[in-house]
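Shown next, in structure tokens, is the structure this report addresses.
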Amino acid sequence: MKSICLFCGSNKGTRPEYEAAARTFGRTLAEQGITLVYGAGKVGLMGVAADAALEAGGRVVGVIPEFLKAKEVAHMELSELHVTETMHQRKAMMAQLSDGFVALPGGFGTFDELFEILTWAQLSVHDKPVGVLDAGGFYQPLRALVEHAVGEGFVPKGNLDLFRIERDLPTLLDWMGQYRPSRVAKWLDLTRT
């Protein structure tokens with residue numbers, strides 16, 4: 001993996017574990033020579049991860065739409081900063097620049113990015129690994145929701161292989177480095193009547 005796209009909050013959240021995870025994530029990518037690709041914000045967990053990667057000598061690429069440049073306080077000290085016209089262009093460019101994706105805690109924007117990239121994997125738009133770093137147990141409700149959706153017949157069980165939720169960053173990065181798409185992903189099970 002040469003680059004990983006990070007989805008996370010433009011706020012820091014209420015628990016110190018979230019900020020610590022973002023800092024460790026940014027630093028670890030830099031130490032492993034992996035480029036951090038993210039939404040270009042200087043604030044929240046986004047800024048924490050980017051600053052940690054830069055401080056450790058890493059390469060950080062930000063992508064932000066023009067209308068959010070001021071609102072999210074675009075980080076102007078990045079290795080590269082790309083400004084797009086729309087959110088859709090932002091997400092497409094981040095996906096294009098990345099070999100994999102990781103979500104840390106965040107809000108609606110983080111959920112949107114995570115679920116869109118999972119949907120793209122399900123539809124075979126990409127075959128890149130998608131990881132979720134479960135800092136402080138933040139994503140346990142998501143795990144329960146996804147398992148519920150499988151149990152209720154809305155998500156084929158094989159699609160659980162499209163992503164991995166881990167509390168331990170080295171374990172998550174190791175899984176991502178060894179990821180091979182199983183091609184069992186289905187968005188619709190046509191065998192049911």
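The values are calculated or read from the model by the stated rules, or taken from the named source; none is laboratory data. Since we're looking at a predicted model, the values are computed, not measured. Cβ sites come from the backbone with ideal geometry, for glycine too, and all protein chains shown count toward neighbours.
Looking only at region 90-147, residues that are in contact with a His (Cβ under 8 Å, 6 or more places away or on another chain) and over 19 Å from G41 (Cβ atoms) come to 1 in all.
Could we say that G9 is in a helix (DSSP H, G or I), in contact (Cβ under 8 Å) with a residue 24 or more places away in the chain, within 14 Å of L133 (Cβ to Cβ) and within 13 Å of the chain's Cα centre (by Cα) here? So G9 fails the test.
The residue that is farthest from A22 (Cα to Cα), among those in region 47-98 that are among the hydrophobic types (A, V, I, L, M, F, W, C) and assigned to a loop (DSSP other than H, G, I, E, B), is A70.
Looking at region 5-54, which of the residues that are surrounded by fewer than 24 Cβ atoms within 10 Å (Cβ to Cβ) and of a type in the set (V, I, T) is nearest to S98 (Cα to Cα)? The selected residue is T35. Scanning region 171-193 for residues that are more than 20 Å from H126 (Cα to Cα) and either at pLDDT 95 or above or of a type in the set (V, I, T) (or both) returns T171, T191, T193. Scanning region 99-115 for residues that are buried (at least 21 other Cβ atoms within 10 Å of the Cβ) and either on the phi > 0 side of the Ramachandran plot or not in a helix (DSSP H, G or I) (or both) gives G100, F101, V102, A103, L104, P105, G106. Per this entry, D99 is not counted among residues that are within 16 Å of the chain's Cα centre (by Cα), under 21 Å from G13 (Cβ atoms) and either of a type outside the set (V, I, T) or at pLDDT 95 or above (or both). Does E147 meet the test of being exposed (fewer than 15 other Cβ atoms within 10 Å of the Cβ), of a type in the set (D, E, K, R) and more than 22 Å from A53 (Cα to Cα)? Against the criterion (exposed (fewer than 15 other Cβ atoms within 10 Å of the Cβ), of a type in the set (D, E, K, R) and more than 22 Å from A53 (Cα to Cα)), E147 qualifies. Pairing residues of region 143-156 that are over 21 Å from L133 (Cβ atoms) with residues that are surrounded by 15 or more Cβ atoms within 10 Å (Cβ to Cβ) and among the small types (G, A, S), at Cβ distances under 9 Å and at least 6 apart in sequence or on separate chains, gives P156/A185. Taking region 116-131 as the range and being part of a helix (DSSP H, G or I) and surrounded by 14 or more Cβ atoms within 10 Å (Cβ to Cβ) as the test, the residues that pass are E116, I117, L118, W120, A121, Q122.
Would you be able to tell me the number of residues in region 132-144 that are part of a helix (DSSP H, G or I) and surrounded by 15 or more Cβ atoms within 10 Å (Cβ to Cβ)? Looking only at that region, the number is 3.
Scanning region 155-170 for residues that are farther than 17 Å from M1 by Cβ and at pLDDT below 95, we see that the one that is surrounded by the fewest Cβ atoms within 10 Å (Cβ to Cβ) is K157.
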